[in-house]
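Worksheet for the structure shown next.
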Amino acid sequence: MARNGKKSLYDEAMETFHRAAELIKMQPRVRMEIEEPDFEHVFHITAEIHDRLVPLSTEEQAQFKDLPPSDVKAGDALELLANGSYILHRRALLEADLTMRQGVINIPKVGLLKLEKGGPRKFRAYRIQHNNVRGPYKGGIRYHKEASLDLFKVLAADMTWKTAIAEVPFGGAKGGIKFDPFQYSKEEIEQISLRYFYKMKSLVGPYVDIPAPDVGTNGAIMAYFMRQYTDGEREKHHLRGVVTGKDVRIGGSEGRVKATGQGVVYCIEEWARDKGFDLKGARVLVQGFGNVGSNAAEILAALGAKVVGVNDVHGTVAKDSGLDMAALVHHVHQDPTNLRRTVAGFPGGTAIPKDDFWDIDADILVPAALGEEITGPVAERLKVKLVAEGANGPTTREGDAVMAARRIDVIPDIICNAGGVTVSYYEWLQNLRLEHWTEGEVNRRLEQAIKKNYAIIRDISRNRPQRTPLYDSRPFCVGEAVDIRTASMILALKRIEAHYLLEGFSQ
Ligand code: NAD
């Protein structure tokens with residue numbers, strides 16, 4: 001709905017839906033049913049936050065120059081946060097010899113720190129259940145400071161389209177908490193996560209709504225969720241499928257951590273095969289080096305591509321002959337001192353401003369960070385042949401129009417990053433059957449699913465209905481060529497609409 005003459009993010013995102021619904025002449029009531037989320041849960045959670053030790057500013061430091069150093073024996077019990085503050089765990093004071101003045105303490109090799117009071121904090125939390133006509137609601141949990149109802153509605157709808165495109169028997173959902181997890185300790189994140197899932201308990205379940213990791217969450221947080229949901233249940237092992245993206249040792253699937261990045265690469269391989277383009281030596285740019293970006297980059301490098309630039313929220317590194325992926329992954333994800341998990345400071349490349357990242361000469365760009373990064377002006381500058389959308393919604397409408405005019409190919413997010421939810425389905429199946437599949441088995445199924453559905457989308461886009469040994473695109477083509485984003489939506493909507501048309505509406 002228009003507010004102050006400005007369209008909401010959700011309304012904008014739904015434009016492709018409406019375009020595709022027109023083209024397939026979607027039954028009006030079905031269209032009305034799908035265009036709004038089933039449920040929008042917005043609630044608050046509270047948690048107790050520890051006291052913090054915050055570094056003093058340069059001006060403040062002057063008056064504490066003579067403060068004698070304190071001997072904090074349990075020094076490792078001071079937990080460093082990404083913003084430079086420390087959590088004061090009580091065990092840090094065991095056997096400590098302390099001098100504190102006006103709440104300030106001098107810790108050798110750390111500096112002057114001021115005690116800041118913790119206490120209860122309130123957080124806004126969300127779970128949007130968009131549509132479940134094809135199966136239980138399914139979608140990630142995001143912890144991010146810029147979360148909003150509007151954004152979660154967009155992301156939940158995206159999951160409805162994505163699960164239909166990936167042909168997994170799920171619907172769409174998304175949710176999370178508006179906060180910056182980098183500012184909180186491990187223990188606080190556990191408390192916040194447990195409280196969140198406690199409040200969600202009546203909304204989720206292996207046959208109801210199945211969360212997974214997204215930005216700011218990971219397998220460890222899924223483990224908290226699973227524990228919270230199954231605690232005290234008599235048949236708790238049958239309930240493991242309440243979340244996916246778990247560690248393989250507790251019911252996660254082989255290949256799940258890499259799955260989204262792997263799916264991005266299967267799409268790129270299929271694009272390259274169609275175009276007769278050799279991925280060996282291809283120059284690649286990756287934005288975002290978290291789960292999706294780093295895995296896509298590593299797999300592409302293993303295929304012989306050169307990752308010539310990587311940008312994340314804290315920095316950008318570039319190297320014309322290709323960055324060493326193993327070393328960069330180690331720097332970002334395995335170095336315990338790199339608390340912000342950033343590519344910044346990587347010695348194996350040159351640091352450049354983010355603005356220059358878009359100008360790097362390359363063949364393929366994989367945006368794998370957040371939304372709305374490829375705007376019109378950014379798209380004007382790109383020197384790539386293909387944008388493979390690892391992130392959700394990385395391209396704005398203007399960005400799309402510019403790329404179409406400049407003949408830059410796009411693999412839309414709803415197929416490109418569908419690998420994650422596809423392997424989440426395999427994880428869910430393994431949980432229900434108490435099975436454990438090999439990574440080879442997972443990847444074999446994933447490759448077939450992604451490449452088949454991407455090929456159907458391409459046929460819809462080119463209006464080339466055909467039946468091959470692998471797939472049949474005839475029921476989905478609409479008699480005219482359409483852009484690839486609309487083609488993806490047509491595939492999703494035809495599969496969703498079938499349920500309403502064949503099953504009717506429950507009354
Ligand atoms: P993550 O939290 O592991 O990583 C996010 C990355 O983006 C980090 O490297 C961060 O530094 C970077 N980033 C954040 N803000 C940025 C900015 N303004 N500029 C540049 N870089 C920025 O998250 P993830 O799980 O890899 O997800 C990345 C994207 O992929 C998201 O859009 C997410 O919705 C989408 N996605 C993830 C999955 C999955 O399985 N994890 C599945 C489908 C889609």
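Laboratory data are not the source of any read-out in this text; all were calculated from the coordinates shown. Bear in mind the structure is a predicted one, so any value in this text is a computation, not a measurement. As a convention, Cβ positions derive from the backbone with ideal geometry for all residues, glycine included, and neighbour counts pool all protein chains shown.
Between the residues 399, 410, 229, the greatest Cα displacement towards the positive end of the dipole of the chain, with unit charges on the Cβ of Lys, Arg, Asp and Glu, is found for 229. Computed from Cα atoms, the angle from the helix 256-275 axis to the main principal axis of the chain rounds to 40 degrees.
Taking GluC sites (Glu not before Pro) across region 44-125, the ones in a DSSP loop with at most 16 further Cβ atoms lying within 10 angstrom of their Cβ are 95.
For trypsin sites (Lys or Arg not before Pro), the sites in region 398-503 that DSSP calls loop and that have at most 14 other Cβ atoms within 10 Å are 406, 407.
May I ask you to sort 346, 505 by Cβ crowding, counting other Cβ atoms within 10 Å and putting the fewest first?
505, 346
In this structure, residue 234 and residue 406 have a Cβ-Cβ separation that, at R0 = 60 Å, corresponds to a calculated FRET efficiency of about 0.50. Principal-axis analysis of the Cα atoms of the chain puts helix 419-433 at an angle of about 90° to the longest axis.
The sum of -39500 (n - 2.57) across all DSSP H runs of n ≥ 4, divided by the residue count of the chain, sets its helix-only mean residue ellipticity at 222 nm to -11000 deg cm²/dmol. As a proxy for reagent exposure, 56, 113 were ordered by neighbouring Cβ count within 10 angstrom, fewest first; the result is 56, 113.
Every Cα-Cα pair in the chain was counted, and those over 46 Å apart are 15% of them. Could you point to the residue in 286, 469, 481 farthest towards the positive end of the chain's charge dipole, with +1 and -1 charges on the Cβ of Lys/Arg and Asp/Glu respectively? Value: 469.
Charging the Cβ of each Asp and Glu at -1 and of each Lys and Arg at +1, and nothing else, the dipole of the chain about its Cα centre rounds to 760 debye.
Remark: 441, 447 ranked as 441, 447, counting other beta-carbon atoms within 10 Å and listing the fewest first. What distance in nm lies between label points placed 7 Å from Cα along the C-beta direction at residue 302 and residue 481? The modelled label-to-label distance comes out at 3.6 nm.
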